[in-house]
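Structure, as structure tokens:
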């Protein structure tokens, strides 16, 4: 049984909505609501959802950039809030993040070699000639020419910037790589190259992967398991082949149909606001299967056999 | 006669003494009622092409050569006043990011009324009625109540619908849409594409759709033109081009979409990266990345040759499969 | 450097002034302190290009040496302002919370005190005396004495005082930049990498916040020089016989009707210098607005 690196337990994050002259909190944005997810070592999990579903917030909660409103994130079983200093440093070495906007995720005043070397410097893993060597190795791993070492981010293309970000993330030999929409702002062919690179890395290094994206196709290429998020909650989680073959949750079905851009599909309505979500099941306003029970009760995420988890009253 | 006929259109940008050829002698035609896709990745020139059609290129960009014949008239030779009449009234634009295309301090009703006032003869109450009619045509619920709404109160999909309403208000014969659904969620994308399809059919619109998303093109368009490094490298009916691509770049692009075969998801790639427009490779600009390239591909720029009854491709070895 | 013509002129003039200030002993035709009453109030001529003042001292030489004072006051005042401003602004922006509130209230308070009163208050305390007292310290005494040989402690006080009046603007600028930079992805990335707070501030935040500060600093030099001139004009700044553009202007005031060159020359120097720094500042700003 592989060890769990990161785990979210009843993780909740709500942001106050401030309005009016005195900036009073008039409501709460339910960004992430009661999420339970575990990432075991060496496995890849995809997190799929549309904008505003909370996936980026979840990523930030998982690495401790945000404090949860409720629930906790556990690193090797230890809650983040109670980590000792050495354990926190270990977290920073073992868990790394790749961002959506590659150019924005690097310091514009630093050169490529400095950017890639930074984690090694911070964690005192290498110095001098050995540092240079490691930087070269990392650049090679992400297939960047060593000639780019002295360049600044503004002289790099989007794809090259993202490779720099990946090289930097690999510097400490992490166990888990969290990718937050890493190809969303890249061209199709460049994105395909990055996806291929990530696949190779997970296979050769036994790297665990949490791949967050709205692009179901990219997620299905990289990940063994997929979790679907809607309005801050996980509504379904299953192995990739099972999910693609037979989606159980109506939202998953909707996503799959939309991903293939089937223009003959019936209209599906608007996403409700996550400040004032509907009562009961939050998807019921757009669900073709909605019933009275869906209005009343919020469905829990339950195991339905074969490792599949679904949060729906209509799919026993 | 073609509704829009682009002949040898060239767009260059001058910066710090360097000339960047964004669009290189492009020929394209759009028939009435046709949906043409212009496909390519960043830097291929598709947005410059879209802007150049109605002479919207500003310094440091310029249009040194080419003609854009719209209903027989060369738009690039028109006076600014006459061109303004065409632009907006007979040719509508829909841009990528509705958040930045809509004025945040004006309600959508005010912005719609402005367009209606500018490009039609309707005024006051009649203009309002027409605005409400437009909003319901684009699928906005409770349109009369929504006239007073501000852009930030609407979702991305709603905003894009408003943009489309503004574009079709003067009943144009051609709409140019530059990545209209890229910034939207996939479920909303479907809705907007359905809307565009419906409008195109009911209003007999011609549509030029600029996109990098081949699936969108496949669903919505009749013909497609593929651009690379400012040039058209392939053009033809969508189904034919997608089923049997002639140019290796088109083949590569189609292969970049993850595809599920026998339960396994695979993805193809194109080697290398987009060329620097100021230092284009000699001959065919794609040859350094082409899996079937030969030495002669670097000699001279291939012509756009006929490779089918209604298909053209700029390649010395069309339809060659790598490894074949 | 992609600077337009005016900024390039600004840069040239500033560099020229620096050269003049450094090379003063070689450039000045006369000893600026050399009194020669028979030659008093001579108009510009071949032997005295800018004439002489009431004590027969060559105006040109005094202006050349005066550039040293004006420029050093400009740079040091700005140096003080920027240093204090960066520390306060960065702390307020980075730590937020009560640190931010306290520091910003301090800034607001100081900004509402009229600068002249602040200056008068500083000068009244006579910090120069206290600085001179430093020379009698056990170990560092001789070091301070050597420093004060080189530059009059009263001038040091003046420079620091002018600097302490203008750090507040810099603090606000830095704070604003840091606040917006804090949320940028590369800062988040650095945090995820495990960067310490010190590293975040020094490697990531401050270097990227320097743009507006640099512009403010170049404009501030001009402002400091003007302030010095005003103070000297009021008799509160550099005391004669040490020449500064401001006190040359002051001395020329009484003889304005008779000896116009005593007012025009320092006035022009101040004008050109402040203008040059302003143009330079604009050029730097344009370059940073990428």
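The values are calculated or read from the model by the stated rules, or taken from the named source; none is laboratory data. Computed from a predicted structure; not experimentally measured. When we count neighbours, we look across all protein chains shown, and the Cβ atoms used for this are built from the backbone with ideal geometry, even at glycine.
Before moving on, here are some points about what is shown:
- Residues satisfying the stated conditions in region C:31-41, i.e. within 16 Å of residue C:261 (Cβ to Cβ), in contact with a helix residue (DSSP H, G or I) (Cβ under 9 Å, 6 or more places away or on another chain) and surrounded by fewer than 19 Cβ atoms within 10 Å (Cβ to Cβ): C:41
- When each of A:89, A:111, A:60 is tested for being under 30 Å from residue C:201 (Cβ atoms), within 14 Å of chain C (Cβ to nearest Cβ) and free of Cβ contacts under 8 Å to residues at least 24 places away in the same chain, the lone residue that passes is A:60.
- Across region A:251-295, the qualifying residues are those that are modelled with pLDDT of 80 or more, touching a strand residue (DSSP E or B) at 6+ places or on another chain (Cβ under 9 Å) and within 14 Å of chain B (Cβ to nearest Cβ), and the one among them that is farthest from residue B:182 (Cα to Cα) is A:283.
- Any hit, region C:234-247, residues being within 17 Å of residue C:270 (Cα to Cα), in contact with a helix residue (DSSP H, G or I) (Cβ under 6 Å, 6 or more places away or on another chain), assigned to a helix (DSSP H, G or I) and at pLDDT below 80: no
Let's see how each residue does on (1) closer than 21 Å to residue C:205 by Cα; (2) under 23 Å from the mean Cα position of the chain (by Cα):
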residue: A:91; (1), (2): no, yes
residue: A:100; (1), (2): yes, yes
residue: A:103; (1), (2): yes, yes
residue: A:127; (1), (2): no, no
residue: A:140; (1), (2): no, no
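- Residue A:170 being under 23 Å from residue B:274 (Cα atoms) and in contact (Cβ under 8 Å) with a residue 24 or more places away in the chain: no
- Helices (runs of 4 or more DSSP H) wholly inside region A:210-316 that include at least 1 residues being under 27 Å from residue A:177 (Cβ atoms): A:216-222, A:240-245, A:250-259
- Criterion: within 26 Å of residue A:8 (Cβ to Cβ), facing another protein chain (nearest Cβ under 9 Å) and in contact with a helix residue (DSSP H, G or I) (Cβ under 9 Å, 6 or more places away or on another chain) - qualifying residue of A:169, A:192: A:169
- When region B:150-172 is limited to residues that are within 14 Å of chain A (Cβ to nearest Cβ) and not in a helix (DSSP H, G or I), the one that is surrounded by the fewest Cβ atoms within 10 Å (Cβ to Cβ) turns out to be B:155.
- Criterion applied to B:207, B:184, B:196 was being assigned to a helix (DSSP H, G or I) and surrounded by 21 or more Cβ atoms within 10 Å (Cβ to Cβ), and the one residue passing it is B:196.
- Hits in region A:173-183 - residues which are assigned to a loop (DSSP other than H, G, I, E, B) and in contact with a strand residue (DSSP E or B) (Cβ under 7 Å, 6 or more places away or on another chain): A:174, A:175, A:181, A:182
- Scanning region C:275-285 for residues that are surrounded by fewer than 20 Cβ atoms within 10 Å (Cβ to Cβ) and modelled with pLDDT of 85 or more yields C:275, C:278.
- Residues satisfying the stated conditions in region C:253-279, i.e. more than 23 Å from the chain's Cα centre (by Cα) and not in a loop (DSSP other than H, G, I, E, B): C:253, C:254, C:261, C:262
- Criterion (under 30 Å from residue B:161 (Cα atoms), at pLDDT below 90 and touching a helix residue (DSSP H, G or I) at 6+ places or on another chain (Cβ under 9 Å)) met by exactly one of B:69, B:83, B:78: B:83
- Checked against the criterion of being more than 14 Å from chain A (Cβ to nearest Cβ), part of a helix (DSSP H, G or I) and in contact with a helix residue (DSSP H, G or I) (Cβ under 7 Å, 6 or more places away or on another chain), the candidates B:224, B:241 yield just one match: B:241.
- Among the residues of region B:246-259, those that are part of a loop (DSSP other than H, G, I, E, B) and facing chain A (nearest Cβ under 8 Å) comprise B:256, B:257, B:258.
- Checklist (1) farther than 18 Å from residue C:156 by Cα; (2) in contact with a helix residue (DSSP H, G or I) (Cβ under 9 Å, 6 or more places away or on another chain) applied to residue C:81, failing item: (1)
- Within region B:41-65, residues that are on the phi > 0 side of the Ramachandran plot reach partners that are modelled with pLDDT under 90 and assigned to a loop (DSSP other than H, G, I, E, B) with beta carbons closer than 8 Å, at six or more positions or on different chains, in the pairs B:43/B:274; B:55/B:78.
- For region C:187-205, the set of residues classified as assigned to a helix (DSSP H, G or I) and at the interface with another protein chain (Cβ under 10 Å from one of its Cβ atoms) consists of C:187, C:188, C:189, C:190, C:191, C:192, C:193, C:199, C:203, C:204, C:205, listed by residue number.
- Matching option when the condition is in contact with a helix residue (DSSP H, G or I) (Cβ under 7 Å, 6 or more places away or on another chain) and touching a residue at least 12 places away in the same chain (Cβ under 8 Å), among A:33, A:67, A:50, A:7: A:50
- When C:25, C:29 are screened for being free of Cβ contacts under 8 Å to residues at least 40 places away in the same chain and assigned to a helix (DSSP H, G or I), only C:25 passes.
- Checking each residue in region B:260-275 for being at the interface with another protein chain (Cβ under 10 Å from one of its Cβ atoms), in contact with a strand residue (DSSP E or B) (Cβ under 9 Å, 6 or more places away or on another chain) and either surrounded by 15 or more Cβ atoms within 10 Å (Cβ to Cβ) or within 23 Å of residue B:48 (Cα to Cα) (or both) picks out B:260, B:265, B:267, B:268, B:274.
- Checked across region A:70-79, the condition of being in a strand (DSSP E or B) and within 12 Å of another protein chain (Cβ to nearest Cβ) holds for no residue.
- Qualifying residue in region B:179-202 (condition: in contact (Cβ under 8 Å) with a residue 60 or more places away in the chain and under 30 Å from residue B:284 (Cβ atoms)): yes
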